[in-house]
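I am attaching a structure below and will ask some questions about it afterwards.
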Amino acid sequence: MSLPETLWFIARNFPIYPTLGILTYVLFNGIYKSIKGAYSGPLSAFPGPDFAAMTGWYKTFIELYQKRSWTMHLRELHKVYGPVVRVGPNELHFDRPEAYYDIYNSANHWDKEPEQYHSFGLDRSCFASLKYAQAQERRDVLLPMFSRQAVTKLQSLVQNNIDRLCEALEANDAAGKSSDLFYGLRCFSLDTILQYCFNLSIDALGAPGFKAPAVEAMEASLPTTIFFRHVPVLRQFVQSLPIWISIQLSPATTGLVRLRALLGRQVNQVIDNPKSLDDSPHETVYHRLLDKKANNGKVYDPETFYKEAQALIFAAGHPTANALTVGIFHVLSNNGIKERLVGELQEGWPDLNKTPTFEDLEQLPYLTAVITESLRMSPGIVSPLLRITPFGGATIGGIKVPSRVIVGMSGTFVHESEVLFHDAKNFNPDRWLVDDSAVLERWLAPFSKGPRMCIGQNLAYCEMFLGFAALFRRFDLRLDGNTTRDLRYRECYVPQFLGKHLTCFCRPVEK
Ligand code: HEM
């Protein structure tokens, strides 16, 4: 019998006073255990707020009640408590860059933390697999699709989407309007990932003003990841609802509900009739998941296909578009940087009718430095990526941590470290062009490090090289009123930007 069933049974069958007595006992026993754990458990020597040491509700209070970004709050805690802070009854956060590499490195096959990774509702996907071995199996299946060779071969797909984005920007300019590049870039990366992984087209780029329902809905649904993490039962309830009720309850997320339904239908069709994949012009995620040899004879159920598809869309959509958005904003905010980038592109791409390849563009040093700096400055995945220390414990940042403790560090603590990056808040591509910049590259971790690092970085780079080059070579871009304040965000694992969308006048240059 579960706890609620037991309590219900007692309440029905026993008089009121003993029932109240039992409930009071349960309550005080819980409080006693929290206090005991806070002051005499294995983490009692670690500094941090008492409230955090006693209960996980501390994080809930900050994120849900105060609606603050957890990582911003962590910065304040580190100022008070030092390089390691106890931020939950069984959780530590670190802020020194070297600690990042002690947690996220190839030798560590540590589990992902269940509460954080279950909150996305993507169980059975590679991203949400908690165990290293489980994830590694799936990564082996998916990685060939995202190898450098595979991405280079399919770059025309990315280029085609950039061309469509550029056409829409030209049309807006011809109508005397600026363009919402924030949404435009999200449409670009969503169309790209859907075509690349599933040979599926929803033509987000064709939506008027780039207001594609799926893109708007993905944005609107970001804060739900916080709710679902703190109130898991809500996630189970919402996910069990029929589509039409979900739409009634949350009209802002209709586009996402419809995209999920579309994916669900595609999955069923592929599983019912694998031959339908023969029509695909290139290999898709479905080919990989259906390949028995690659999967050691395993046959997956439709739910696994479906969750993997959703996870890839979630993982790929936001961070790539954010890095482009943040980078474009900074380049346009500094005339010197903009002129150098445009100058290099004019030299490296002299004839506008002959578009260079991804490989050609990678040879341009300033463009490469701009992209690297955009990745450093963009809060790709903001939240600490939580892991659990192995049996036997670990040493992190020179500090001994016991077994089975939740540990994490937000990559922004590395990228914004003044010790590593001089004038870290300043967008400065030149930092990647000095003699010892190779040393600095070791500290660049937008895709994280170790066995669970991003599998899509080649595709992300391809989108960024083709995207930056096309936008700055084909257009004279000017900001339409954006300021640094527009980069403020609320942390929802990925950032949800709170300011005015990046909006630009995009005047085509003479051919
Ligand atoms: C600039 C763009 C991108 C950034 C900054 C980025 C960043 C990251 C980071 C930090 C992680 C680790 C997440 C964690 O441990 O919780 C990750 C994982 C992942 N990324 Fe990316 N990503 C980007 C683009 C992409 C793209 C285009 C794809 C498409 C295939 C992708 C697919 C994935 C997947 C499947 C994982 C999970 C890997 C695992 O858990 O083993 N990402 N990404």
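The values are calculated or read from the model by the stated rules, or taken from the named source; none is laboratory data. Please read all numbers here as calculations on a predicted model, not as lab measurements. All Cβ positions, glycine included, derive from the backbone under ideal geometry; neighbour counts span all protein chains shown. Just the protein is used for accessible areas: all its heavy atoms, side chains included, with ligands, DNA and RNA removed. Shrake-Rupley method; radii C 1.70, N 1.55, O 1.52, S 1.80 Å.
Using the alpha-carbon atoms, what tilt in degrees (0 to 90, nearest 10) does helix 70-81 show relative to the longest principal axis of the chain?
Tilt relative to the chain: about 60 degrees.
Still on this structure, I have one more. Express the carbon and sulfur contribution to the solvent-accessible surface of the chain as a percent, rounded to the nearest whole number, probe 1.4 angstrom.
57
Which entries in the list 67/131; 79/338; 131/307; 79/131; 131/293 go over 28 Å, if you measure between the two C-alpha atoms of each?
Values: 67/131 31 Å; 79/338 36 Å; 131/307 17 Å; 79/131 33 Å; 131/293 22 Å.
Check vs 28 Å cut-off fails for 67/131; 79/338; 79/131.
If you don't mind, another one. Below 8 Å between Cα atoms, with a sequence gap of 6+, how large is the relative contact order for region 154-239 in percent?
Working: 58 pairs, mean separation 20.6, N = 86.
That works out to 24 percent.
Under 16 Å Cα to Cα from residue 511, which lysines show up? Leave out anything in the same chain fewer than 8 places away.
354
Oh, and also: Measure up 112/500; 449/500; 112/449; 177/500; 275/298 against 23 Å on the Cα-Cα distance and list the ones that go over.
Exceeds cut-off: 112/500; 449/500.
Here's a follow-up. Cut-off 14 Å, label point 7 angstrom out along Cα-to-Cβ of residue 511: give me the residues of region 312-355 whose amide nitrogen falls inside.
From region 312-355, the list is 351-355.
To continue, here is another question. Percent relative contact order of region 96-508, based on C-alpha pairs within less than 8 angstrom and at least six residues apart?
26
Quote the charge dipole size of the chain about the Cα centre in Debye, to the nearest 20; the model charges only the Cβ of Lys and Arg (+1) and of Asp and Glu (-1). Intermediate results must be reported in sequence, preceding the final value.
Working: 53 positive and 52 negative charges, 321 e Å.
Once rounded to the nearest 20, the dipole reads 1540 debye.
Let me ask something additional. Highest mean first, what order results for 304-315, 347-358 on Cβ atoms within 10 Å?
Per-residue Cβ counts within 10 Å, averaged per peptide and sorted highest first, yield 304-315, 347-358.
Among 359-372, 169-182, what's the highest-first ranking by average C-beta atoms within 10 angstrom per residue?
Numbers: 359-372: 19.1, 169-182: 17.4.
Packing order, densest peptide first, comes out as 359-372, 169-182.
Which residues does a label at residue 160 reach in region 311-329, if reach means a backbone N under 20 Å from a point 7 Å past the Cα toward the Cβ?
313, 317
What accessible area per residue, rounded to a whole number of Å², is obtained for the chain using a probe radius of 1.4 Å?
About 46 Å² of surface per residue is accessible.
Compute the distance from the alpha-carbon center of region 233-311 to that of region 383-452, in whole Å.
Cα centroid of region 233-311 versus Cα centroid of region 383-452: 34 Å apart.
What FRET efficiency would be calculated for the residue pair residue 484, residue 9, taking the C-beta separation as r and a Förster radius of 41 Å, to the nearest 0.05?
Details: r = 59 Å, r/R0 = 1.44.
Plugging the Cβ-Cβ distance into 1/(1 + (r/R0)^6) gives 0.10.
While we're looking at this one, here's another question. Can you tally the net charge around residue 228? Count Lys and Arg as +1, Asp and Glu as -1, for every other residue whose Cβ sits under 11 Å from the Cβ of residue 228.
For residues surrounding residue 228, the net value is +1.
If you don't mind, there's one more thing I want to ask. Taking R0 as 56 Å, what's the FRET efficiency between residue 248 and residue 439 from their Cβ-Cβ distance, rounded to 0.05? Please report the intermediate quantities before stating the final value.
Details: r = 56 Å, r/R0 = 0.99.
Efficiency for this residue pair is about 0.50.
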